[in-house]
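Engineer: Here it is, the structure, as structure tokens.
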Amino acid sequence: MMTLTSYLMISTFLFLCGLTAVIARKNLIAVLLGIELILNASALNFVAYTRFVNNNLDGHIFPLFIIIVAAAEAAVGLAIVIRFFQIRESIHIDDATQLQS
Amino acid sequence: MDNVIFIISALLTVTGALCVLLTKNVMHACVYLLTCLLGVAGLYVTLGADFVAATQLAVYVGGVVILMVFAVMLTGGPTSQSSNKFGIVKVPMMGNAKTYIIGIISAVIFALMAYKVLSRIIISIQAGELPAFTETVEKIGFMLVTDHVLAFEISSVLLLGALVGAAIIARPRRGV
């Protein structure tokens, strides 16, 4: 049951869900939730490979930095969302048209 | 025991990810993301990465998801004040058997994880010796300040920059 393949399948599923959420959801915060799913999928891949393939601890360092980067990304992204809501009174993704020429 | 934790964590992860994708309500999506991240932490435990699992619980579940919930509440969120047939205004997000089922499953997986981590320590206490530090924590701490010290320092600068940048971006400007 606990083989490398099952972990890779779970991580692939997480990645696909996150990618679909980023592409298809129309809410800015839902897009950020999708990004969190993608980051978790990659971190899970790192830990799974370091457990089953080369069994040293280098793969445990990467998830820590991924978690740090995800925290920073969430802080900045949510600040942008709140600022966007103050300007446009909406967080629908089709309202973000200010950078289009 | 490991198989039980693996199956429950995998189910939590997969259903959480699907529900994040499929629910309309963003607040519910945040709660489903929380269960999904709990499941990923359980998968880390089955892989023997206890420090990563603890960090995942502390930073993601305790920090990022709470930040998301605050952002949902600050940007309006669900505005429909639905009332039931007795005319009483329902408290939003307090109903719904699905929520309680997810909560019970999360409590069960948390108890299993705590049992798995604590059982060895409890056995060693009963044998009369002090509980040893787990291997990965000591080695990860050693590697963070030897091999990966550059990434460690850069991440601290990155966190400082993100904090200041977020504060500047979200600051209410005068006259707007």
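Engineer: With axes computed from alpha carbons, what is the tilt in degrees of helix A:58-88 against the longest principal axis of chain A, rounded to the nearest 10 within 0 to 90?
Structural biologist: The answer is roughly 10 degrees.
Engineer: How large is the convex hull of the Cα atoms of segment A:1-99 per residue, expressed in Å³ as a whole number?
Structural biologist: Once divided by residue count, the hull of segment A:1-99 is 95 Å³.
Engineer: Could you work out how far helix A:4-24 tilts from the main Cα principal axis of chain A, as a 0 to 90 degree angle to the nearest 10?
Structural biologist: 10 degrees
Engineer: Using only the alpha-carbon atoms, how far is helix A:28-49 inclined from the longest principal axis of chain A? Give it as 0 to 90 degrees, nearest 10.
Structural biologist: That works out to roughly 10 degrees.
Engineer: Follow-up. With a 10 Å radius around each residue's Cβ, average the other Cβ atoms per peptide and rank A:23-30, A:91-98, A:59-66, B:108-115, highest first.
Structural biologist: Per-residue mean Cβ counts within 10 Å order the peptides as A:59-66, A:23-30, B:108-115, A:91-98.
Engineer: So, one more: Just checking the output field for B:135-146: average partner chain Cβ neighbours within 10 Å of each residue's Cβ?
Structural biologist: Across B:135-146, the average partner-chain Cβ count within 10 Å equals 2.
Engineer: Per residue of A:55-66, what is the mean number of Cβ atoms on other protein chains within 10 angstrom of that residue's Cβ?
Structural biologist: Mean partner shielding for this stretch: 6.
Engineer: Right, next: Please list the equivalent ellipsoid semi-axes of the protein assembly as shown, computed as the square roots of five times the alpha-carbon gyration tensor eigenvalues, in descending order and whole angstrom.
Structural biologist: That gives 35, 25, 17 Å for the three semi-axes.
Engineer: Could you work out, residue by residue across A:28-38, how many beta carbons of other chains sit within 10 Å of that residue's beta carbon, and then give the average as an integer?
Structural biologist: Counting Cβ atoms of other protein chains within 10 Å of each residue's Cβ and averaging gives 6.
All of the numbers you see were taken from the coordinates with simple rules; none came from a lab. On a predicted model such as this, the values are computed, not experimentally measured, just so you know. Positions of Cβ are backbone-derived with ideal geometry, glycine not excepted, and every protein chain shown enters the neighbour counts.
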